[in-house]
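Everything below concerns the one structure shown next.
We did not get these values from a lab; they are worked out from the coordinates using the rules stated. No experiment lies behind these values; they were computed from the predicted model shown. Cβ atoms come from the backbone with ideal geometry, glycine included; neighbour counts cover every protein chain shown.
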Amino acid sequence: MKKSIQYAFFSVAILFAAACVNKKNDEVSPAINHTATLNLRTAAGMDSLIGNYYNPADQIANTNNEFTIRCFPKINPTDPATPLIITFHGGEFTGGDKKEFKLPLTIGNRFPVLLTCQHLDNNKFAYACVNYRLLKSGDPLSIIDCLNDCKAFVDYIRKNAETFNIDPNKIILMGFSGGASASLWMGLQNKFDAGVIKGIAVFNPQATLNITQWGEKIFQPVGLGPQYNQAMMNQPDSIAKKCKNYYNSTNVNKINEYCSLNNLNYLMKFGPTDPEVYMATEAANDDFMHHSAHVWALSAYAGNAGAIATTQFTKAPPYTNPNYESLIQFFKRKFQ
């Protein structure tokens, strides 16, 4: 095994403490001004639009940057603009599709129906499902390209809010796994602190996208450092491949620089003006990518910073918030 790969692996395994920058950046990607290509189709008795937005790198609309939106077109001049829920699928940024957030929405077996068309229709909430470019071995893209695509869609939909009759200042971001991380990365940046993003809902999230910090920041505080170390020691090739895909590097120093430059340490970015975060995970104890330790770390860091990140339920260990709030209740409260 090459020296750089060994260094990245062993640094993860011994809980390497990466330096991070606490200052937020206001801008992450260029503003997108293009109009998407749309095709009208019918879904559940209302208008649904499917189209493509442009990625910030080359302004080319393609199938990787496809979106679907259920919305309520303005029929009368007095019809109000509607709030919008934007969803981003999971797949570790190497796979997945927006169909993951098809309705009715289910996450695991304990809470089989989280959101339905009827929920949206009753409350006049628009609902968008978004694809973004995916990482491939040997591809020059890195994880920031996926994240910038997600942000490009938020920029696009806000600039074209009138087309979809949505309120550009009433948006909730929602995601699963990698899509959860994208939602946190966007929602915890200063650009949206003025109140555009009303809330963030994340399922099976990662507490930071700098995986070299997981041992120290996520698992050691809950007494799972040895188990995490052993798991990493059992899969060095997998860790090295993930680092190469995410950061185009297996050198820990370069990874830390990359993560600081691109604000991937969003665990450290919580502030008192940030949107409230709704969290849940259905991960098993041996799933360190989505382990419940991630949501507890997010909750702790948010609380210390004067923000709110509430865990609603976890699978392992089993936990249900005694003040459990359903997903639609969260949406209604944040869109008031």
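In the structure shown, do any of K99/K241; K74/K170; K74/K124; K217/K242; K136/K217; K151/K217 have a Cα-Cα gap over 21 Å, and if so which? Show your work: numbers first, answer last.
Details: K99/K241 26 Å; K74/K170 17 Å; K74/K124 12 Å; K217/K242 19 Å; K136/K217 28 Å; K151/K217 26 Å.
Pairs exceeding the cut-off: K99/K241; K136/K217; K151/K217.
Taking every DSSP beta bridge with both residues inside segment 177-328, roughly what % is antiparallel (nearest 5)?
On the way: 2 of 12 bridges.
Of all bridge pairs located within segment 177-328, approximately 15 percent are antiparallel.
Quick check: pseudo-label points 7 Å beyond the Cα along Cα→Cβ at K99 and T273, how many nm apart are they?
In this crude spin-label approximation the distance works out to 4.2 nm.
Let me know the Kirkwood hydrodynamic radius for segment 125-238, please, with Cα pairs as the basis and the value in Å to one decimal.
Every distinct Cα pair counted, the radius reaches 16.2 Å.
Can you find, among A283, A305, T273, the residue sitting farthest towards the positive end of the charge dipole of segment 218-336, where Lys and Arg contribute +1 and Asp and Glu -1 at Cβ?
Selected residue: T273.
Could you compute the net charge surrounding V130? Neighbours are other residues with a C-beta less than 9 Å from the C-beta of V130; K and R count +1, D and E count -1. Kindly include the intermediate steps, with their values, before the conclusion.
Values: positive: K98; negative: E66, D149.
Value of the local net charge: -1.
Using a 10 Å cut-off on Cβ atoms, rank the peptides 229-235, 158-164 from the highest mean neighbour count down. Present the calculation step by step, with values, prior to reporting the outcome.
Numbers: 229-235: 14.4, 158-164: 17.3.
Top to bottom by mean Cβ count within 10 Å: 158-164, 229-235.
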